[in-house]
1. Filter the range 24-42 down to the residues that are in contact (Cβ under 8 Å) with a residue 60 or more places away in the chain and exposed (fewer than 14 other Cβ atoms within 10 Å of the Cβ), then identify the one that is nearest to W91 (Cα to Cα).
2. Among the residues of the range 96-131, what is the count of those that are within 16 Å of the ligand (Cβ to nearest atom) and either modelled with pLDDT under 95 or open to solvent by 10 Å² or more (accessible area, probe 1.4 Å) (or both)?
3. Report whether or not N85 is open to solvent by 40 Å² or more (accessible area, probe 1.4 Å), in contact (Cβ under 8 Å) with a residue 60 or more places away in the chain and either part of a helix (DSSP H, G or I) or within 16 Å of the ligand (Cβ to nearest atom) (or both).
4. Name every residue in the range 146-188 that is among the hydroxyl-bearing types (S, T, Y) and more than 16 Å from the ligand (Cβ to nearest atom), in order of residue number.
5. Looking only at the range 160-192, count every residue that is buried (at least 16 other Cβ atoms within 10 Å of the Cβ) and farther than 29 Å from A74 by Cβ and tell me the total.
6. Given the criteria assigned to a helix (DSSP H, G or I), under 16 Å from Y84 (Cβ atoms) and polar (S, T, N, Q), does T37 qualify?
7. Considering the range 84-106 alone, what residues qualify as being of a type in the set (S, T, Y) and closer than 17 Å to E178 by Cα?
8. Inspect the range 18-40 for any residue being of a type outside the set (F, W, Y), over 24 Å from V196 (Cβ atoms) and either touching a Leu at 6+ places or on another chain (Cβ under 9 Å) or at pLDDT 95 or above (or both) and give the result as yes or no.
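The values are calculated or read from the model by the stated rules, or taken from the named source; none is laboratory data. Model, not experiment: these values are computed from the prediction. Neighbour counts run over all protein chains shown; Cβ positions are idealised from the backbone, glycine included. With ligands, DNA and RNA removed, areas are computed over all heavy atoms of the protein, side chains included. Shrake-Rupley method; radii C 1.70, N 1.55, O 1.52, S 1.80 Å.
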Amino acid sequence: MTTLKLPEKQPWMKTAVELPELPWAKNALEPVISANTIDFHYGKHHNAYVLKTLELTKGTELEGQPLEMIMVVAAADPSKKGLYNNAAQVWNHSFYWKCLAPCGTVKPSDALKAKIEKDFGSWEEFRKQLIAAGMTQFGSGWAWVVIDGDKLSILKTPNADEPWGETQAPVLALDVWEHAYYLDYQNKRQAYLEAVIDNLINWDFVEKQIELHKS
Ligand code: MN
């Protein structure tokens, strides 16, 4: 359940309810994530969440509203749990794609490395905690790096839940639903997490999110 603030107060939170273009070609994440996985994950799963959100808001006061507004309203109303789940999954996936970049193209900057060492003790400890969050999320869900104030931390959420809080914002998302890795890694969730963290993260995007949300 989100405690996201209403989007009009935070102008960057105006995501349209649509399937965004991917920031890279479908085969650009190979060999870590195959084009086949992207075809299903983006083309079928993500697209289905978009279509369901549009269907559930059509003809209501939420039709045409930004995704963040739909999430806030739906999270506050238990009868709109289905809408919340679909809208949050649209948001989470759109954010997840931006967290990824073709193999080895983006290295963490010295400033980001220093920030992570300050908040977690070492890069290894950060990596270990992030993998552990993904591995201990029982069933479907997400592993996150979030910022609260000026402090980074790691958490996990079940199913569609996002990590927005009054002062907490996501800076990195890792999808640990089986559809994110099963075609490429079958049951080996840890191998997927390790390969993505070590090769595919768009650390420039992560650093920009830290700058945007830190206080
Ligand atoms: Mn997914």
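1. N36
2. Kept after step one, since they are within 16 Å of the ligand (Cβ to nearest atom), are these residues of the range 96-131: 96-100.
Retained after the next criterion (residues that are either modelled with pLDDT under 95 or open to solvent by 10 Å² or more (accessible area, probe 1.4 Å) (or both)): 98.
So the answer is 1.
3. Numbers: open to solvent by 40 Å² or more (accessible area, probe 1.4 Å): yes; in contact (Cβ under 8 Å) with a residue 60 or more places away in the chain: yes; either part of a helix (DSSP H, G or I) or within 16 Å of the ligand (Cβ to nearest atom) (or both): yes.
Against the criterion (open to solvent by 40 Å² or more (accessible area, probe 1.4 Å), in contact (Cβ under 8 Å) with a residue 60 or more places away in the chain and either part of a helix (DSSP H, G or I) or within 16 Å of the ligand (Cβ to nearest atom) (or both)), N85 qualifies.
4. Of all residues in the range 146-188, those among the hydroxyl-bearing types (S, T, Y) come to 153, 157, 167, 181-182, 185.
The answer is S153, T167.
5. 4
6. On the way: assigned to a helix (DSSP H, G or I): yes; under 16 Å from Y84 (Cβ atoms): no; polar (S, T, N, Q): yes.
So T37 fails the test.
7. Within the range 84-106, the first condition is being of a type in the set (S, T, Y), and the residues that meet it are 84, 94, 96, 105.
Answer for the range 84-106, where residues must be of a type in the set (S, T, Y) and closer than 17 Å to E178 by Cα: just Y96.
8. Initially, the range 18-40 is screened for residues of a type outside the set (F, W, Y), giving 18-23, 25-39.
Now drop any that are not over 24 Å from V196 (Cβ atoms), which leaves 18.
If we keep only those that are either touching a Leu at 6+ places or on another chain (Cβ under 9 Å) or at pLDDT 95 or above (or both) as well, we get 18.
Looking through the range 18-40, at least one residue is of a type outside the set (F, W, Y), over 24 Å from V196 (Cβ atoms) and either touching a Leu at 6+ places or on another chain (Cβ under 9 Å) or at pLDDT 95 or above (or both).
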